[in-house]
Amino acid sequence: MTSEAYTASFVLRGTAAGGTLRLVGIDATQLVEEARVRHSLSKTATAALGRTLAASALLAVVLGKKPDSRVTVRVQGGGPVGWIVAEGSADGRVRGYVREPSADLPLRESDGKLDVRGIVGVDGELAVTRLLDNGEPYTGSAQLVSGEIAEDVSAYLCVSEQIPNAVLLGVYEEGGRVYRAGGLLVQAMPGVTDETLARLEANIRGMGQLTDHLRRGSLLETMQTAAGGLDLVLAAAAQPARFQCRCSRDKALDSLKFFAPGERQEMRDEGGQEVVCHWCGEHYQITPGEIASLDAETARAQA
């Protein structure tokens with residue numbers, strides 16, 4: 001099955017317990033499958049990046065101040081996959097990559113599940129970069145606590161943002177493809193009671209693996225389970241989510257400006273240059289004529 005055959009990914013938002021809980025969920029199946037295909041990811045690398053992509057989309061909603069706010073999540077734990085980078089926008093766009101897409105590990109002997117902790121590692125940190133109200137970038141970070149991504153995102157929100165929360169993330173693969181992927185973030189708002197938190201904690205503890213719920217039902221049903229007995233109120237409509245990069249042919253061409261004129265001449269002599277976007281894996285074939293236009297532009301600017 002190709003990624004085009006999937007139901008499009010989407011984000012659901014809601015509140016519960018009289019507005020003292022905020023819930024944001026994402027069905028990320030289609031966009032994580034697209035990431036797997038674009039980057040030729042191994043099974044375990046797919047799970048690691050997929051969880052981080054879902055997390056970036058959720059954090060963009062929770063931390064963003066504008067409809068198109070973006071956050072960048074970087075995870076580096078010293079494991080075989082190297083670093084993981086994902087960028088999420090509050091409007092549902094995400095993109096991301098890993099340093100070593102082919103890195104993989106055997107299933108865990110303890111439970112037969114993908115060893116995300118092993119491939120990510122725990123000797124490092126999770127960092128989140130976002131824009132403040134004045135337009136300046138701000139980066140907060142927290143030490144990795146598990147390498148499983150969900151617990152690490154939750155720890156970041158508690159430590160760096162002082163946001164009480166619960167985070168669930170999961171990617172389930174079957175038949176060589178992503179079968180289900182998604183995430184849920186529950187944020188405690190001012191005025192939340194101890195009774196509400198106790199009920200929420202019991203609900204989430206009883207849920208088990210997020211992907212088990214997504215395989216049996218839907219994102220909506222998963223959110224209803226998490227907010228069971230707490231009067232979940234959903235936003236009017238789901239928001240589309242998608243893997244979408246901000247690269248372009250023009251940006252690929254501009255990247256060659258950083259090379260010396262002699263290096264660009266070598267590119268022209270060899271018939272052009274291929275530029276590959278590390279965010280999405282898109283290939284751009286830049287022609288000798290386009291490269292020559294850069295040198296002409298530079299000459300005009302210096303005249």
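Derivation of every value follows stated rules applied to the coordinates shown; laboratory data play no part. Here the structure is a predicted model, which means the values were calculated and not measured. Ideal geometry is used to build each Cβ from the backbone, glycine not excepted, and the neighbour counts take in all protein chains shown.
Overview of results
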| item | result |
| --- | --- |
| Structure-derived semi-axes √(5λ) of the Cα gyration tensor in Å: which label, when the choices are [x] 27, 21, 19; [y] 38, 22, 18; [z] 59, 25, 21 | [y] |
| Solitary cysteines of the chain, where the nearest other Cys Cβ is not under 4.7 Å | Cys158 |
| Given charges at Cβ of Lys, Arg, Asp, Glu: the range 7-243 dipole, positive-most of Leu219, Leu157, Ala127 | Leu219 |
| Value of [θ]222 nm, deg cm²/dmol, for the chain, DSSP H segments ≥ 4, -39500 (n - 2.57) each, nearest 500 | -10500 deg cm²/dmol |
| The chain: antiparallel DSSP beta bridges as a percent of all, rounded to 5 | 95 |
| Per-residue Cβ neighbour rank within 10 angstrom, fewest leading, His283, His39 | His283, His39 |
| Within a Gaussian network of the chain (alpha carbon springs, distance under 10 Å), most fluctuating of Ala86, Ala202, Ala142 | Ala202 |
| Volume in Å³ per residue [convex hull over Cα atoms, computed for the range 38-190] | 111 |
| Spatially proximal aspartates and glutamates relative to Lys66 (Cα-Cα < 19 Å; intrachain offsets below 8 disregarded) | Glu87, Asp91, Asp133, Glu136, Glu161 |
| Residues with amide H under 5 Å from that of Tyr172, placed H, sequence gap 5 or more | Tyr179, Arg180, Ala181 |
| Residue-by-residue Karplus 3J(HN,Hα) for the range 105-114, coefficients 6.51, -1.76, 1.60, Hz, glycine and proline x | 9, x, 4, 5, 5, 5, 9, x, 9, 4 |
| Computed E for Thr193/Glu282 - FRET, C-beta separation, R0 45 angstrom, nearest 0.05 | 0.35 |
| Proximal lysines to Lys65, defined as alpha-carbon separation beneath 29 angstrom and excluding residues fewer than eight positions away on the same chain | Lys251 |
| Potential extension, Ala237-Arg205 segment - 0.36 nm per residue separation minus Cα distance | 8.7 nm |
